[in-house]
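A.B. asks: This structure is in C-alpha cells; I'll ask about it shortly.
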Amino acid sequence: MLKDITIGQYVPGDSAVHRLDPRTKILITLFYIILLFLIKNFVGYFILALFILIPMLISKIPIKYMIKGIRPLLIIIIITVIFNIFLTKGEVIYEVGPLNITREGVRLAVFMALRLIFLVTGTSLLTLTTSPISLTDGIENLLNPFKRIGVPAHELAMMMTIALRFIPTLLDETEKIMKAQMARGADFESGNIVKRAKNLVPLLVPLFISAFRRADELAMAMEARCYRGGKDRTRLKQLKMTILDCFAFCFLLITVGFVVLTRFMY
C-alpha cells in the first residue's frame, strides 16, 4: 500500500502537460482546489472530472497509476462517508437501530468522498508531471513578490519541494524496514486496527534515524557545493511562458465558467 502513494513522485515525459511552465501548473492546481470546495452538485463534479481527465490523457500518465494512488486513502474515505451518512441531520430514508440515514447525509458523504479523490488526483498530477527543480523554481518565482514583507521565498520553496521529493524515498525506506522486521518475526497484518497501529510503533525509531541521516547527508552535500540560499543565484533554464500556458489558462477559465453556471442552474 505504501508504494501506491503517488504524491511527490515524478514521471519524466515530453507531453504538452510536462512542457507547461511550473508556475502555470501550480496556479491551475490552486484554482482547481478552490473549485473543489465551490461545487455543490454532481454536474459540477462531472465538469471537474473532465477538467482533470483531459490533462491526464495528454500527459500519458496511466489512469490505473492514478487510481492506485487513491488506495491508501480508502480507509479515510470510508470513515468520512460513514460519519457523514449517520451524523448529518435531515430527511430520514432508512433507520439502522438508533442511527438514521438521511438523504442529506448520503449526498454530503458522496460529495466528501469525491472531493478527497479529486484532491489527491489533481495534486498527484502536478508532481507527476513537474520535476522537483522546476517545482522549486516555480514556487519561488510565485513567492518573490512577498519578499518585500519579509517572506523567505527561496527557503520556503526549497523546504516544500524537498518535503515532496522525500515522500517516495521515506515510503521506500519504510517498506524496507517493514520487510526486515517481518523477516525477524514481526506481524503487521493480523489483528484489528488498534493492534496493527501498535505493531507499527517499532517502525518509528529506525524511520526517524533514517530520515535524520538523509537530512544530514543532504545538508553536507549542499554545503560541499557551496550552497548559500537564493541570494545571487542564477539558473541554467529561465522560466518562460509559452502559447501552451495561454491555452492552459483559457481551459481553466472555461472550466471555471461552467462550474459557476452550475451553481445557478442546479
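The values are calculated or read from the model by the stated rules, or taken from the named source; none is laboratory data. Because the structure is predicted, anything quoted here is derived from the model rather than measured. Here the Cβ positions follow ideal geometry from the backbone for every residue, glycine too, while neighbour counts run over all protein chains shown. Surface accessibility is based on the protein's heavy atoms, side chains included, excluding ligands, DNA and RNA. Shrake-Rupley method; radii C 1.70, N 1.55, O 1.52, S 1.80 Å.
Here's the yes/no breakdown for (1) in a helix (DSSP H, G or I); (2) closer than 30 Å to residue 30 by Cα; (3) open to solvent by less than 90 Å² (accessible area, probe 1.4 Å); (4) in contact with an Asp or Glu (Cβ under 6 Å, 6 or more places away or on another chain):
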{"position": "154", "(1), (2), (3), (4)": "yes, yes, yes, yes"}
{"position": "165", "(1), (2), (3), (4)": "yes, yes, no, no"}
{"position": "187", "(1), (2), (3), (4)": "no, no, yes, no"}
{"position": "209", "(1), (2), (3), (4)": "yes, no, no, no"}
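A.B. asks: Answer yes or no as to whether residue 173 is open to solvent by 70 Å² or more (accessible area, probe 1.4 Å), at pLDDT 70 or above, closer than 30 Å to residue 138 by Cα and not β-branched (Val, Ile, Thr).
C.D. replies: Details: open to solvent by 70 Å² or more (accessible area, probe 1.4 Å): no; at pLDDT 70 or above: yes; closer than 30 Å to residue 138 by Cα: yes; not β-branched (Val, Ile, Thr): yes.
Criteria not met by residue 173.
A.B. asks: Return the residue satisfying two criteria in turn: it lies in the stretch 103-124 and is among the basic types (Lys, Arg) and without any contact (Cβ under 8 Å) to a residue 60 or more places away in the chain, and of such residues it is most open to solvent (accessible area, probe 1.4 Å).
C.D. replies: Selected residue: 103.
A.B. asks: Given the condition more than 30 Å from residue 11 (Cβ to Cβ) and surrounded by 14 or more Cβ atoms within 10 Å (Cβ to Cβ), answer yes or no: does some residue in the stretch 59-66 qualify? If you could, list the steps in order and put the result at the bottom.
C.D. replies: Quick first cut of the stretch 59-66, residues more than 30 Å from residue 11 (Cβ to Cβ) only: none.
No, the conditions are met nowhere in the stretch 59-66.
A.B. asks: Name the residue that is nearest to residue 129 (Cα to Cα), counting only residues in the stretch 35-58 that are open to solvent by less than 30 Å² (accessible area, probe 1.4 Å) and either assigned to a loop (DSSP other than H, G, I, E, B) or touching a strand residue (DSSP E or B) at 6+ places or on another chain (Cβ under 7 Å) (or both).
C.D. replies: 39
A.B. asks: Can you find, within the stretch 134-152, the residue that is most open to solvent (accessible area, probe 1.4 Å) among those that are touching a residue at least 24 places away in the same chain (Cβ under 8 Å) and of a type in the set (A, V, I, L, M, F, W, C)?
C.D. replies: 142
A.B. asks: Please find, among 4, 21, the residue that is surrounded by 14 or more Cβ atoms within 10 Å (Cβ to Cβ), charged (D, E, K, R) and at pLDDT 80 or above.
C.D. replies: On the way: 4 fails: at pLDDT 80 or above.
Exactly one residue qualifies, and that residue is 21.
A.B. asks: So, residue 90, is that one touching a Gly at 6+ places or on another chain (Cβ under 7 Å), buried (at least 18 other Cβ atoms within 10 Å of the Cβ) and free of Cβ contacts under 8 Å to residues at least 60 places away in the same chain or not? Let's see the steps before the verdict.
C.D. replies: Details: touching a Gly at 6+ places or on another chain (Cβ under 7 Å): yes; buried (at least 18 other Cβ atoms within 10 Å of the Cβ): no; free of Cβ contacts under 8 Å to residues at least 60 places away in the same chain: yes.
Criteria not met by residue 90.
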